[in-house]
Amino acid sequence: MAVVVFLALALGLGFWILRPLMAAERFQEGEHAAAAELSDLWIVRDVTYDTLRDLEFDFRMGKMAEKDYLELKGRYQGEAADILQQIEMLEERLQKEKRLGDGRRVPGKDPR
């Protein structure tokens with residue numbers, strides 16, 4: 001009798017421990033990739049801002065010619081604008097997907 005009780009408890013405990021592993025995943029396909037891409041874009045944005053700040057500092061300290069400064073500043077400002085546009089588009093897409101909810105999106109289909 002004790003063996004039966006022990007086995008019942010062991011099976012119940014085993015089921016309780018393994019239950020989360022058998023549950024369906026709740027994240028949407030591609031959600032983590034988009035979040036990682038967004039994180040990478042924020043990092044690139046910060047690096048671009050730091051570069052612009054360093055350019056300004058070097059120019060004011062006289063370490064850089066005005067022509068070079070203006071050329072590099074224009075290039076990095078354009079890059080920053082592109083990055084900000086990508087961040088905005090990706091954030092809008094993530095917001096739209098979040099509004100659609102978990103059950104409404106068909107796996108493998110692009111919501112666009």
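Between GLN85 and VAL47, full extension at 0.36 nm per residue minus the direct alpha carbon distance yields a gain of 12.1 nm. Available extension along the chain between LEU70 and MET22 is 11.4 nm, counting 0.36 nm per residue and deducting the alpha carbon span.
Readers should treat all values here as calculations from the given coordinates under stated rules, not as data from a laboratory. Just so it is clear, the model here is predicted, and its values are computed rather than measured.
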